1. My understanding is that a pair violates if its Cα-Cα distance is over 30 Å; which of LYS20/LYS204; LYS91/LYS111; LYS171/LYS302; LYS171/LYS274; LYS91/LYS204; LYS91/LYS350 do that in this structure?
2. Going toward the positive end of the dipole of the range 113-179, with +1 on Lys and Arg Cβ and -1 on Asp and Glu Cβ, which of GLY124, LEU163, PHE178 do you reach last?
3. Using a Gaussian network model on the chain with a 10 Å cutoff between Cα atoms, which of PHE297, PHE94, PHE170 fluctuates the most?
4. Just subtract the alpha-carbon distance of GLU42 and ASP312 from 0.36 nm times their residue separation and send over the number in nm, one decimal.
5. Where the only charges are on Cβ atoms (+1 Lys, Arg; -1 Asp, Glu), what is the dipole of the range 190-260 about its Cα centre, to the nearest 20 debye?
6. Please state the Cα pair-distance histogram of the range 61-107 with 10 angstrom bins from zero: what percent is in each bin?
7. Between LYS127 and GLU271, what length comes free when the chain is fully extended (0.36 nm per residue of separation minus the Cα-Cα distance, one decimal in nm)?
8. Under a Cβ-only charge scheme (Lys and Arg +1, Asp and Glu -1), can you give me the dipole magnitude of the range 85-125 about the Cα centre, in debye to the nearest 20?
Amino acid sequence: MKFYCILSLIVLVGTCAKPKYSAKLQSIQDNIIIVDSALVMEYANTITKEELKKSLYEFSSDDFLGRRVGSEGQKLASNYLKSYYKREGIKSPFGEDNYYQTIPASFFYNKFKSSENVLAYIEGSEKPDEVIIISAHLDHLGVSDDGLINNGADDDGSGTVALMEMAQAFKMAKQKGFGPKRSILFLHLTAEEIGKRGSEYYVKHPVFLLNNTIANLNIDMIGRVDDAHKNNKDYLYLIGTDRLSKELHYISEKINYTFFNINLDYRFNAENDKNNYYERSDHYNFAFHDIPVIFYFNGEHKDYHKVTDTPDKIDYPLLERRTKLIFTTAWQIANQEHRLAIDENNELLK
């Protein structure tokens, strides 16, 4: 009897000594300290609906003929982005005048002409080898069979111009001596509409080591409101936030309730989601390589993949607000003291 009492006591002590999982998650939340709370909003506020609107009307204009992969219009769109970054003084990771990661036609099984990802880069001041990738796809559906142009204002012109504005904001901060501690790659991906091939090419030929890529914040459609939120448009779907890094999820949550209080909707993050959005945009190729991701998405609407997806239907104040949220999240990841941890390496979960 004495032996069993002692054994029971040992088991009880062992059980009590090991924190519950909920307590471990609380520890992660408690260890997130917002950095530069006043400074980050100073630069977030340089992101304006007026500049987003101007850029989106240009990027989703008929001049780019719907930005079909490998087409003349897509090449013009890539050059538009390159010209923007050169004008803003935001460098390429390749140096000099080369902002393109060229993808040969053979990678598309010669069904499309060669194409290119467009890359711009701000080097970190303290930990330059650690890289955060903020991405959006630049391509769209091209010209329809009846000659109408698919402008793709929301898909994904909205994500494209969000990247442009965030890059400008980070550059302004760096010019004032407040550059990010970690490096940020602004990655405009081609060939998303034909199966995420631009991001697939990037992870197979990474410009920066994948094991030093600490997060991917991917933006695909953030300028509209879906039917589920007609009566409360201040929302955004987040997908993938907690799949690989609970810390990333809680950083995102804390940034939001500290600065914005947007309704973050996780319904499409469910592993049994019938839409399978987690695997349907470029972030998935990074997640496949165990890089924590957040996919920002406003949901589908009646103009999705139609020629009626035009810039006059974008909610620009909402686009501004969502872009600021993503910028502020990126700022936190880039500037916090410790590197963002994936769950399997997070000491607070052990």
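The values are calculated or read from the model by the stated rules, or taken from the named source; none is laboratory data. Not measured: the values here are computed from a predicted model. Cβ placement follows ideal geometry from the backbone for every residue including glycine, while neighbour counts extend to all protein chains displayed. Heavy atoms of the whole protein, side chains included, go into the accessibility calculation; ligands, DNA and RNA do not. Shrake-Rupley method; radii C 1.70, N 1.55, O 1.52, S 1.80 Å.
1. On the way: LYS20/LYS204 39 Å; LYS91/LYS111 32 Å; LYS171/LYS302 36 Å; LYS171/LYS274 40 Å; LYS91/LYS204 23 Å; LYS91/LYS350 41 Å.
In this structure, LYS20/LYS204; LYS91/LYS111; LYS171/LYS302; LYS171/LYS274; LYS91/LYS350 lie more than 30 Å apart at Cα.
2. Among GLY124, LEU163, PHE178, the one farthest towards the positive end of the dipole of the range 113-179 is PHE178.
3. Result for the chain, Cα springs under 10 Å: PHE94 fluctuates most.
4. Here the answer is 94.3 nm.
5. Roughly 100 debye, rounded to the nearest 20.
6. All Cα pairs, binned at 10 Å, distribute as 25, 45, 28, 1 percent.
7. 48.4 nm
8. In total the dipole reaches around 220 debye.
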